[in-house]
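Okay, structure first, notes after.
The values are calculated or read from the model by the stated rules, or taken from the named source; none is laboratory data. Remember, it's a predicted structure, so these values are computed and weren't measured experimentally. Glycine gets a Cβ as well: all are built from the backbone with ideal geometry, and neighbour counts include every protein chain shown. For accessibility, only protein heavy atoms count, side chains too; no ligands or nucleic acids. Shrake-Rupley method; radii C 1.70, N 1.55, O 1.52, S 1.80 Å.
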Amino acid sequence: MTIEVTNLPTSGITCANCKACCCRLEVMLITETGVPKEHIETDAWGGEVMKRLEDGWCSAVDRETFMCTIYENRPWICREFEMGSYECIDERKNM
Ligand code: SF4
Ligand code: SF4
């Protein structure tokens with residue numbers, strides 16, 4: 001199936017003007033990318049997920065810059081999450 005993406009309302013959407021909205025989602029670790037152990041938690045089903053702090057954000061988010069502090073080792077799901085995608089726009093709306 002080919003997805004038509006040309007009509008996405010992406011104008012002005014960039015991680016640079018976003019407070020890491022997508023970094024409040026649950027992120028499962030499904031491949032080994034070298035995420036430091038202090039950022040990993042085990043969920044109710046025994047799977048590994050990124051730890052989130054009480055403010056809702058992933059523990060690897062820099063709270064001042066909203067940048068990922070483990071960018072080179074970020075999980076596969078984070079690598080696949082596309083800026084300007086429907087999921088991205090949805091998360092930005094929800095903030
Ligand atoms: S991918 Fe989208 S939701 Fe995530 S930080 Fe970038 S602009 Fe924000
Ligand atoms: S690992 Fe980095 S990119 Fe992924 S949710 Fe945490 S801060 Fe965001």
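A few notes on this one:
- With the whole protein complex present, Arg63 retains an accessible surface near 80 Å², based on a 1.4 Å probe.
- Full extension of the chain segment joining Met95 with Trp45 gains 15.2 nm, where the gain is 0.36 nm per residue of separation less the Cα-Cα distance.
- Annotation: extensible slack from Lys37 through Asp55 equals 4.5 nm (criterion: 0.36 nm per residue apart, minus Cα-Cα distance).
- Cα-based convex hull, region 7-72, per residue volume (Å³, whole number): 131
- Working note: Karplus 6.51/-1.76/1.60 with θ = phi - 60° gives region 37-54 the couplings 4, 5, 9, 10, 10, 9, 7, 4, 9, x, x, 8, 9, 5, 5, 10, 8, 4 Hz, where Gly and Pro are set to x.
- At R0 = 22 Å, FRET efficiency that the Cβ-Cβ distance of Glu82 and Asp62 yields, to 0.05: 0.55
- About the centre of its Cα atoms, the chain shows a dipole size close to 220 debye [charges on the beta carbon of Lys, Arg (+1) and Asp, Glu (-1) only; nearest 20 debye].
- Note on Tyr71 and Ser11: the extension gain reaches 19.1 nm, defined as 0.36 nm multiplied by sequence separation minus the Cα-Cα distance.
- Rounded to whole numbers, the Karplus 3J(HN,Hα) couplings from phi for region 82-95 are 9, 4, x, 6, 4, 4, 4, 5, 4, 5, 5, 5, 6, 7 Hz, using 6.51 cos²θ - 1.76 cosθ + 1.60 with θ = phi - 60°, and x at Gly and Pro.
- Each other residue within a Cβ distance under 11 Å of Thr42 adds +1 if Lys or Arg and -1 if Asp or Glu, for a net charge of -2.
- Computed 3J(HN,Hα) for region 23-36, one whole-Hz value per residue from the Karplus formula 6.51 cos²θ - 1.76 cosθ + 1.60 where θ = phi - 60°, is 8, 9, 7, 6, 10, 7, 9, 10, 9, 8, 10, x, 5, x, glycine and proline marked x.
- At most 14 other Cβ within 10 Å, DSSP loop - chymotrypsin sites (Phe, Trp or Tyr not before Pro), region 48-95: none
- Estimated [θ] at 222 nm from DSSP helical runs (n ≥ 4, -39500 (n - 2.57)) normalised by residues in the chain, nearest 500: -3500 deg cm²/dmol
- Environment charge at Glu91 (Cβ cut-off 13 Å; Lys +1, Arg +1, Asp -1, Glu -1): 0
- Accessible-area rank, largest first, for Lys93, Lys51, Lys19, Lys37: Lys37, Lys93, Lys19, Lys51, with all protein chains present and a 1.4 angstrom probe.
- In the full protein context, the chain carries 74 Å² of accessible surface per residue, based on a 1.4 Å probe and ignoring ligands, DNA and RNA.
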